[in-house]
There are 2 protein chains.
Amino acid sequence: MIQYKLIYFDVRGLGEVSRQLFHLTGTHFEDIRIPRNDEKLWKEFKKSTPFGQLPVLKIKDSISETEIEIPQSSAIGRYLAKKFGYSGKTPEEEAMVDAVIDQFKDFLVSQKQLTLAFRSEKSEDEIKRIIDDVVNPAKKIYFEALIKLLVKSPSGYLIGDNLTWADLQIADNLTTLKGFGLFVSSEEPILSAFHQKIMNIPELRSYFDSRPLTML
Amino acid sequence: MIQYKLIYFDVRGLGEVSRQLFHLTGTHFEDIRIPRNDEKLWKEFKKSTPFGQLPVLKIKDSISETEIEIPQSSAIGRYLAKKFGYSGKTPEEEAMVDAVIDQFKDFLVSQKQLTLAFRSEKSEDEIKRIIDDVVNPAKKIYFEALIKLLVKSPSGYLIGDNLTWADLQIADNLTTLKGFGLFVSSEEPILSAFHQKIMNIPELRSYFDSRPLTML
């Protein structure tokens, strides 16, 4: 019997794809969400994490009596995706799925500057500057890469004929960008159709409807 | 018959781990290095890459007559490591190897600020500021994570009992940091022993001795 515990903050962010993989497959897991503003709890907890960061996936095998902890969101996501069959059907598909994830993570470096500016309550001018100089140029490269994959995909998924964790990751990030006004459906018909397709996955509907609403 | 072509700039950087995996396993590949200062050649080439970036791995299978191109350095590295048996021996080891790679990539975001400052010939003061405020705090987190893994590793490798591509990636990055004066052997005995161990891999010696000397 394997018990999963996913520990992350109370946002979608870097934990959401792993949560979705559990819900998608009906796999029981403990969804532990540490309140972002509870700095005392996080400080306490931080010491016990492998790399001093979240998310962390704890896996307890009650038969072999082993417990392991995996840090880093993409490492966790890839591990679960592989286990549940959402990492791509061939080594080459897996590599392309990984490339999409890496492209997302490259973009995230720029997006993070914006979210940090919001969190530290920077001026409207400063936020506009970050959007214009940092986020939008990075978004252009990112969106172009995604659109290039989608226009040649008969399935409507980013890679191959089946849903992968890259689809979940990108759709979730589009949700975030939509909230910031940086992904406007009417301006991006191809990405918008993709976003809709993933948001309508029947196995995820009830989770999408019941999860906490957060900006990130 | 499979033909590999790795296309990257004429530095170690994001292409080096894949090159090392080829040399380690004695797998023939074309090591195409585009001169960093040949902007015309790169501009020409850029259009034909999957995501407008390097490295790119081209794989041509002369039997099935297929050709694919994989972008993104970690996706390429993981693909080759899996193929050649250097990605970890279990799904859990693979996840930890991936986590180390992600930790390295997190650090790289900070290191990049420094290398960009060097390339754009910023003042000594500005470079010192980036080292103090950006690189050193990120390096502290990164080194602590690596040391935590190494002190509990009987094999001396980062993950498990065998060499993985995470070892190659981290050792190569330590070489780079050494060149910048940011990794001083006498200050980091554990990382230094690890670095030496990887630099002494017999199958890589002749490549290490013959490759072009570059800062990155």
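Results for (1) touching a helix residue (DSSP H, G or I) at 6+ places or on another chain (Cβ under 6 Å); (2) surrounded by fewer than 22 Cβ atoms within 10 Å (Cβ to Cβ), shown as yes or no for each residue.
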position	(1), (2)
A:156	yes, yes
A:161	no, yes
A:169	yes, no
A:188	no, yes
A:191	no, yes
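For the residues A:87, A:74, the requirement of being part of a helix (DSSP H, G or I), surrounded by 18 or more Cβ atoms within 10 Å (Cβ to Cβ), at pLDDT 95 or above and under 15 Å from the mean Cα position of the chain (by Cα) singles out A:74. Summed over the range B:90-121, the residues that are assigned to a loop (DSSP other than H, G, I, E, B) and not β-branched (Val, Ile, Thr) give a count of 2. Within the range A:35-58, the residues that satisfy the criterion of being within 13 Å of chain B (Cβ to nearest Cβ) and either surrounded by 18 or more Cβ atoms within 10 Å (Cβ to Cβ) or not β-branched (Val, Ile, Thr) (or both) are A:46, A:47, A:48, A:50, A:51, A:52, A:53, A:54, A:55, A:56, A:57, A:58.
Taken over the range A:84-95, the residue count meeting the criterion of being in contact with a helix residue (DSSP H, G or I) (Cβ under 7 Å, 6 or more places away or on another chain) and under 19 Å from residue B:79 (Cα atoms) is 5. Applying the condition of being more than 26 Å from residue A:146 (Cα to Cα) and among the β-branched types (Val, Ile, Thr) to the range B:62-99 and asking which residue is nearest to the other protein chains (Cβ to nearest Cβ) yields B:97.
The helices (runs of 4 or more DSSP H) found wholly in the range B:122-216 and carrying at least 2 residues that are under 15 Å from the mean Cα position of the chain (by Cα), under 22 Å from residue A:69 (Cα atoms) and touching a residue at least 40 places away in the same chain (Cβ under 8 Å) occupy B:165-179.
Would you mind stating whether residue A:11 is of a type in the set (A, V, I, L, M, F, W, C) and assigned to a loop (DSSP other than H, G, I, E, B)? So residue A:11 fits the description; yes. Among the residues of the range B:49-67, none is identified as in contact with a helix residue (DSSP H, G or I) (Cβ under 7 Å, 6 or more places away or on another chain), among the aliphatic types (A, V, I, L, M) and at pLDDT below 95.
Of the residues contained in the range A:25-41, one or more are found to be in contact with a Pro (Cβ under 9 Å, 6 or more places away or on another chain) and assigned by TED's automatic domain parsing to the domain that holds residue A:11.
The values are calculated or read from the model by the stated rules, or taken from the named source; none is laboratory data. Just so you know, these numbers come straight off a predicted model, no measurement behind them. Don't worry about glycine lacking a Cβ; one is built from the backbone with ideal geometry, like all the others, and counts go over all protein chains shown.
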